[in-house]
């Protein structure tokens with residue numbers, strides 16, 4: 001088999017071949033040029049969550065800890081966050097929006113009151129392997145979120161066709177690190193759709209959350225991963241939904257500037273991972289002594305300080 005024939009076969013198996021001949025030729029050409037190791041990894045896959053978690057590669061959720069320090073990144077790798085009811089509810093909302101046909105097989109809600117006794121034990125025995133939602137009102141909220149997304153003219157258009165919970169795997173060309181991502185939804189155009197539930201979907205609140213939680217770094221990470229896997233032009237959008245009534249919806253698309261800023265962030269983090277792996281040193285926030293200075297907000301233009309308060313015994317004491 002020639003390199004081109006092998007590339008065509010790899011593209012077909014990975015689901016990269018589309019009805020667009022220009023994009024298909026570009027995907028095949030990219031795989032022909034890549035080394036064999038990269039070709040094996042360049043696949044969009046339907047993996048379960050457990051299978052995805054077992055893949056040994058850098059993921060953006062953990063990589064964000066590098067923004068604090070390499071020590072925090074190491075801790076995040078070795079001590080994953082424990083599952084919570086809030087996280088479980090988030091997964092249910094995603095499932096109802098992107099994979100409603102899977103709900104009965106994988107999810108169940110308890111509405112029998114006190115979680116104890118024979119009735120509770122029988123319920124658990126009858127639903128082994130399913131994700132459990134403990135409060136009926138949480139289930140109803142997830143249904144309302146899904147209904148709101150489907151009723152929104154822009155959000156529903158993005159979800160007319162595509163695949164949910166898609167696993168991306170690729171080799172970062174600059175660092176050689178193996179990377180992975182789990183996209184909420186990938187449309188046939190290779191656009192990535194990400195669902196966010198929040199209290200406030202106004203532009204100002206969304207922008208604040210974008211920066212604080214580095215959502216733009218995640219967007220750039222996924223877009224660059226798709227490009228490394230041979231896909232053509234693509235975009236990234238967020239569907240924001242209020243997590244309580246009236247469950248308003250807003251769709252935000254990532255601009256070139258947003259993706260560029262996010263790319264600078266995650267690429268710096270990847271470079272730091274390479275440095276720390278090479279040195280074997282994973283420093284914390286302050287490996288050396290720091291000077292304590294007053295924050296800018298506490299100093300007036302004339303150099304004097306504003307009135308501030310100390311917290312003593314839980315009470316503010318003005319200075």
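Residue 44 falls short of the stated requirement of being touching a helix residue (DSSP H, G or I) at 6+ places or on another chain (Cβ under 8 Å), over 27 Å from residue 267 (Cβ atoms) and either modelled with pLDDT of 50 or more or crowded, with 16+ Cβ neighbours inside 10 Å (or both). The residues of region 75-92 that are farther than 29 Å from residue 282 by Cα and in contact with a helix residue (DSSP H, G or I) (Cβ under 6 Å, 6 or more places away or on another chain), listed by number, are 89, 92. Among the residues examined, residue 240 does not qualify as surrounded by 10 or more Cβ atoms within 10 Å (Cβ to Cβ), in contact with a strand residue (DSSP E or B) (Cβ under 9 Å, 6 or more places away or on another chain) and part of a loop (DSSP other than H, G, I, E, B).
For residue 187, are the conditions met, namely being surrounded by fewer than 20 Cβ atoms within 10 Å (Cβ to Cβ) and farther than 21 Å from residue 243 by Cβ? Taking the combined requirement at face value, the residue satisfies it. Does region 151-161 contain any residue that is buried (at least 17 other Cβ atoms within 10 Å of the Cβ), under 24 Å from residue 239 (Cβ atoms), assigned by TED's automatic domain parsing to the domain that holds residue 47 and touching a helix residue (DSSP H, G or I) at 6+ places or on another chain (Cβ under 6 Å)? The answer is yes, given that some residue of region 151-161 is buried (at least 17 other Cβ atoms within 10 Å of the Cβ), under 24 Å from residue 239 (Cβ atoms), assigned by TED's automatic domain parsing to the domain that holds residue 47 and touching a helix residue (DSSP H, G or I) at 6+ places or on another chain (Cβ under 6 Å). Of everything in region 132-150 that is closer than 13 Å to residue 95 by Cβ and out of contact with any helix residue (DSSP H, G or I) (no Cβ under 6 Å at 6 or more places or on another chain), the residue that is surrounded by the most Cβ atoms within 10 Å (Cβ to Cβ) is 139. Report, by residue number, each residue of region 59-70 that is touching a residue at least 12 places away in the same chain (Cβ under 8 Å), surrounded by 17 or more Cβ atoms within 10 Å (Cβ to Cβ) and more than 19 Å from residue 184 (Cβ to Cβ). Those that are touching a residue at least 12 places away in the same chain (Cβ under 8 Å), surrounded by 17 or more Cβ atoms within 10 Å (Cβ to Cβ) and more than 19 Å from residue 184 (Cβ to Cβ): 66, 69, 70.
Residue 207 meets all of the listed conditions (1) at pLDDT 95 or above; (2) surrounded by fewer than 23 Cβ atoms within 10 Å (Cβ to Cβ); (3) in contact with a helix residue (DSSP H, G or I) (Cβ under 8 Å, 6 or more places away or on another chain) but one, namely (3). Taking the criterion of being under 30 Å from residue 137 (Cβ atoms) and either within 25 Å of the chain's Cα centre (by Cα) or at pLDDT 95 or above (or both), would at least one residue in region 222-238 satisfy it? There is at least one residue in region 222-238 that is under 30 Å from residue 137 (Cβ atoms) and either within 25 Å of the chain's Cα centre (by Cα) or at pLDDT 95 or above (or both).
Residues checked against (1) modelled with pLDDT under 95; (2) on the phi < 0 side of the Ramachandran plot; (3) touching a strand residue (DSSP E or B) at 6+ places or on another chain (Cβ under 9 Å):
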position	(1), (2), (3)
253	no, yes, yes
259	no, yes, yes
265	no, yes, no
268	no, yes, no
274	no, yes, no
277	no, yes, no
292	yes, yes, no
298	yes, yes, yes
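Consider residue 201 carefully, then state whether it is surrounded by 20 or more Cβ atoms within 10 Å (Cβ to Cβ) and out of contact with any helix residue (DSSP H, G or I) (no Cβ under 9 Å at 6 or more places or on another chain). Yes: the conditions hold for residue 201.
In region 187-198, the residues that are over 8 Å from residue 236 (Cα atoms) form Cβ pairs under 8 Å with partners that are at pLDDT below 85 and surrounded by fewer than 18 Cβ atoms within 10 Å (Cβ to Cβ), at six or more places apart or across chains, as follows: 188/18; 189/234; 190/233; 190/234.
Evaluate the following for residue 92: is it assigned by TED's automatic domain parsing to the domain that holds residue 251 and assigned to a helix (DSSP H, G or I)? Yes: the conditions hold for residue 92.
Residues that are surrounded by 13 or more Cβ atoms within 10 Å (Cβ to Cβ) and assigned to a helix (DSSP H, G or I) within region 244-259 comprise 258, 259, listed in sequence order.
The values are calculated or read from the model by the stated rules, or taken from the named source; none is laboratory data. Given the structure is predicted, the values throughout are model-derived calculations rather than measurements. So basically every Cβ, Gly included, is an ideal-geometry build from the backbone, and we count neighbours across all protein chains shown.
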